[in-house]
Amino acid sequence: MTSGGFLLLAVLAVPAFGALAVAAIPRDRAARLVGVIAATLTLVAAVALPVGRNQGWTAYAATAAAVRPWHAVDLPWAPGLELRFHLGVDGISWPLVALTALLTLLCCVYTLWRVPGRGDGRALVALLLVVEVGILGTFLALDLVLFFLFFEVVLLPMYAIIVGWGGDGADPASRDAGRRAGRKFALYTLSGSVLLLVGVYVVVAAAGTADIVALTGGTELSRTTQLAAFSLLALAFAVKSPLWPLHSWLPDAHTQAPTVGSVLLAGVLLKMGTYGLIRVAVGVAPEGARWAAPALGVLAVAAILIGSLVCLAQTELKRLIAYSSVGHMGFVLLGVATLTATGIQAALVGNVAHGIITALLFFLAGAIKDRTHTGALSELSGLRETAPRLSGLLAFAAVASLGLPGLAGFWGEAFAVVAAVESGGALWTTLAVSAAIGGALTAAYLLRLLRRVTHGEPTPAVAVLGPGLATAELAAWTPLVLLTLAVGLAPTLVLGIAEAPVEALVGVLP
């Protein structure tokens, strides 16, 4: 096995064994420190994955494969069922792998300072590491059955995080709301899982293989099979993303989840759906994608407009940020729906930018709510007068989220609109104009948020705040601020590394 193969296994094995170690250590703070160490080692392995990538890409150069991983592990798993433990990483998956490892580490560091609610910090960190294994495995799997299994690993631990640490531990009504949000999350996700399982079965039964490398391009599937498979897979991924109108689990889950749960939910768990749409649905059933592209574009723009309008009516901080994800994911879907290199690149950089910026927004929203014990916008005015540093960071994250040029949020949304214009025709031009209007509405609700929270006379809840920030908070937030600037000023950090695999994928589309 090559060094790249060992790194792939390490990316999954380290957090898995870390979760076991954390659960076995009786002392709470020591266990949380072990979790931080495991998450750090995972990030180191993830960041090292691009080393030697040219050799891996060259090995596939003589083949017609549209998926050409830098490194791969392909081992027998269930020989009797012809299933293999097939992992790989390329420029489409690696940015999300690195982002997942980074956000998990930041969440573990955050727990050293504060364990939310009434739960056990040791159990929380163990669950965060299990969630990390599931998300990373989803991004690395090159076997459809393996992809499905990793996709499902996330469900129960995330449900436990929402129910066990969500809401207000001192308020029975809030605890009940947390349990309801957890059940809603689980039911919606299970519904999507059923669709995903049926879609995987349709593909594997028709093609006789579950290997994503062999399946990409749809050469093993008839047109009818591709239409059916794409419909099932796209619906499954739409639930996870979540895309309008299958998004209603998201605001409740975010509102009730603890800060670290919201960060992982928004930062990377939603990306499992959009990544699956690109890697699996479009890659395996390209004719189905071409057939459904106009409908996907319409749904994308509906998500952008409806998500923005709902945000304008929100009065609770975390719910507003949660609903904003519906609109941002609409831009990602619009880019994918164009089925062009520009559009898919826009979707990929939009995925990464949304993960960075929204994770920062939820960290800040959690900090505000922890200090003031409220998320109502009407009770949070005057933040810049009493907590100027916190107010400044919130303003930075908000303008990044609205797509200010020079910050990470600009590129994905701008080039999704450009890709729609380049697609030509009355429909795509109309969708591009409508999406641009949605972008203006995004600016409107985020500027409204800043006016309501940062300006005006301090409310009683805000008046008691001090200007200081905890060291653990700064440690968790600083990398996200720097990445927002880095991706905004140098988008080639994502676009450059994804260019070749995107071109290969687009090359097999009908």
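Values in this text are rule-based calculations from the coordinates and carry no lab data. What you see is a predicted model, and the numbers here were worked out from it, not measured in a lab. Cβ coordinates were reconstructed from backbone atoms using ideal geometry, including for glycine residues, and neighbour counts include every protein chain displayed.
Taking only the alpha carbons of the chain, what extent do you get along each of the three principal axes, in Å, biggest first?
66, 59, 40
So how tilted is helix 341-372 from the main axis of the chain? Cα-based, degrees 0 to 90, rounded to 10.
Taking Cα atoms only, the helix is inclined about 20 degrees.
Positive end of the dipole of the chain, charges at C-beta (+1 Lys, Arg; -1 Asp, Glu), about the Cα centre: which of SER325, PHE415, VAL494 has its Cα farthest in that direction?
SER325
Between region 189-223 and region 255-327, what is the C-alpha centre distance in whole Å?
22 Å
Report the gain in length on full extension from GLU152 to TRP77: 0.36 nm times residue separation, minus Cα-Cα distance, nm rounded to one decimal. Spell out each step's value before the answer.
Numbers: separation 75, 0.36 × 75 = 27.00 nm, distance 1.80 nm.
Going from the current span to full extension adds 25.2 nm.
Over all directions, average the projected area of the Cα convex hull of region 303-413 and note it in nm².
Values: hull surface 27.0 nm².
Averaged projected hull area, Cα only: 6.8 nm².
Could you tell me the center-to-center distance, by alpha carbons, between region 229-250 and region 408-424 in angstrom?
Using only Cα atoms to place each centre, the spacing works out to 22 Å.
For LEU215, LEU441, what's the fewest-to-most ordering of other Cβ within 10 Å of each Cβ? Show your work: numbers first, answer last.
Values: LEU215 26, LEU441 19.
Lowest to highest Cβ neighbour count: LEU441, LEU215.
Could you let me know the centre-to-centre spacing of region 332-384 and region 433-480, using Cα atoms, in angstrom?
Centre-to-centre (Cα) distance: 11 Å.
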